[in-house]
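Trainee: The structure's right below; bear with me while I get my questions together.
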Amino acid sequence: MIFVTGAAGHLGRATLNHLLTTYKVPADKIIAGTREPAKLADFKAKGVHIRDADFNDEAALTKSFAGVTRLLIISTSSMEPGVRLKQHLNAVHAAEKAGVKHVIYTSMPRPDTSAVLFAPDHLNTEKALAAAKIDGYTVLRNNWYCENLLYSLPQALQSGTQYTAAGQGKTAYIGRDDLARAAASVLASDKGGKNTYTLSGAKEYTTDEIAKLVSAATGKPLKVIHVPVEGLIQGMIGAGLPEGMAKMFASFDVNTAQGGLAGNPADFKKLTGIEPHSFEDWLKKNVAVFAAPAAH
Ligand SMILES: NC(=O)c1ccc[n+]([C@@H]2O[C@H](COP(=O)([O-])OP(=O)(O)OC[C@H]3O[C@@H](n4cnc5c(N)ncnc54)[C@H](OP(=O)(O)O)[C@@H]3O)[C@@H](O)[C@H]2O)c1
């Protein structure tokens, strides 16, 4: 049996779709785990099993993982300091206790050297997985989603100005659906072992290059203004963001400037047999969403 945690989230749903459609896994071999079963009524109707999966409750999670062979642990969305790592450790320990054979975990690129403030959550989850008594694991170090731009750019497009401390650092953006395909490929295979893959788009882009492409696609001017990281933090606080969030977002730029989001296109092809979609293709499909920011 294959188990997908976080199944009601964007990546979880897309992974279920790839399991069913791309990899033709029979629905009754798939368990979708979530805190919100009502959101998965469409998959239930297709014959996918639905179970509770809240990483805050290790004992309940252990029961939910009973009989599971391959498990995808999707990192949670909690930004509360300390909470997310605890949730991930609960999931790893529950998998170990339930006798899951192979665990797949969605991490981030270079968590050991990354300047991103939440990188230790990923690094320590990876370490817990390596230390657990589980036959095998696959770490998927997912690069930044193209979809992240749907959160950060609409406001900049409205004002015509984007502030960055990322300098000439490049990001190898990859579409979330491609990452779901890669996760589904590992779930659907019977490959064991202990492996780590870094999944990213085929090309890397600076903030200026992305702004130019998005500006051309939307027909809206977008000027990138390079500022020091302290100035970026103060600007975000001035715009009403809590200090902790401002520092978190600024750490993304520091990491990008340091090359933390550079690409490694070979790994995606190794898992899926195909190239990831290009950023330009993704932009063409999503350009309308930039005009309607609430729709992502
Ligand atoms: N690489 C990137 O650029 C990037 C960007 C954004 C996020 N992420 C990470 O990738 C994950 C998946 O992305 P997404 O786009 O699918 O995020 P999303 O749509 O915001 O979904 C949030 C996910 O967190 C899960 N979750 C939250 N609290 C949980 C808990 N207590 N126990 C178990 N699961 C919990 C949700 O599961 P249910 O609702 O089904 O319970 C859901 O799968 C995110 O949670 C985040 O860790 C990566």
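We did not get these values from a lab; they are worked out from the coordinates using the rules stated. Since we're looking at a predicted model, the values are computed, not measured. Here the Cβ positions follow ideal geometry from the backbone for every residue, glycine too, while neighbour counts run over all protein chains shown.
Trainee: For a quick check, take a GNM of the chain with Cα springs below 10 Å and name the residue from Glu126, Glu230, Glu36 with the largest mean-square fluctuation.
Mentor: The residue that fluctuates most here is Glu230.
Trainee: Quick one: which residues, 5 or more positions from Arg141 or on another chain, have an amide H under 5 Å from its amide H? H modelled 1.01 Å from N in the peptide plane, none for Pro or chain starts.
Mentor: Ser107, Tyr197, Thr198, Leu199
Trainee: Picking from Thr138, Thr256, Thr113, which is most flexible by a Gaussian network model of the chain using Cα springs under 10 Å?
Mentor: Top of the fluctuation ranking is Thr113.
Trainee: Starting from a Cα-only point model with no solvent, please compute log10 I(q)/I(0) by Debye for the range 232-277 at q = 0.24 1/Å.
Mentor: -0.78
Trainee: Taking R0 as 25 Å, what FRET efficiency do you get between Ser152 and Lys86 from their Cβ-Cβ distance, rounded to the nearest 0.05?
Mentor: Rounded to the nearest 0.05, the efficiency is 0.35.
Trainee: With unit charges on the beta carbon (Lys/Arg positive, Asp/Glu negative), name the residue among Ala115, Leu153, Val139 whose Cα is farthest towards the positive pole of the charge dipole of the range 95-153.
Mentor: Val139
Trainee: Sketch the reach of a paramagnetic label on Lys133 as a point 7 Å from Cα along Cα-to-Cβ, and name the residues of the range 88-122 whose backbone nitrogen lies under 17 Å away.
Mentor: So the set is 92-103.
Trainee: In Å and on Cα atoms, what radius of gyration and Dmax does the range 145-296 show?
Mentor: Gyration radius and largest Cα-Cα distance of the range 145-296: 16.7, 52 Å.
Trainee: What are the principal axis extents of the Cα atoms in the range 103-171, in Å, biggest first?
Mentor: 52, 21, 17
Trainee: Here's another thing I want to ask about it. So how compact is the range 118-235: Cα radius of gyration and Dmax in angstrom?
Mentor: Rg and Dmax of the range 118-235, Cα atoms, are 18.1, 54 Å.
Trainee: Let me ask you something else. For the range 269-292, list residues with backbone N below 20 Å from a point placed 7 Å from the Cα of Lys191 toward its Cβ?
Mentor: Counting backbone N atoms under 20 Å from the label point, the list is 269-277.
Trainee: Calculate the radius of gyration of the Cα atoms of the chain to one decimal place, then report Dmax, the largest Cα-Cα distance, as a whole number, both in Å.
Mentor: In Å, with Rg to one decimal and Dmax whole: 19.3, 55.
Trainee: Who wins for biggest fluctuation among Ala257, Ala239, Ala202 in a Gaussian network model of the chain, springs between alpha carbons below 10 Å?
Mentor: Ala239
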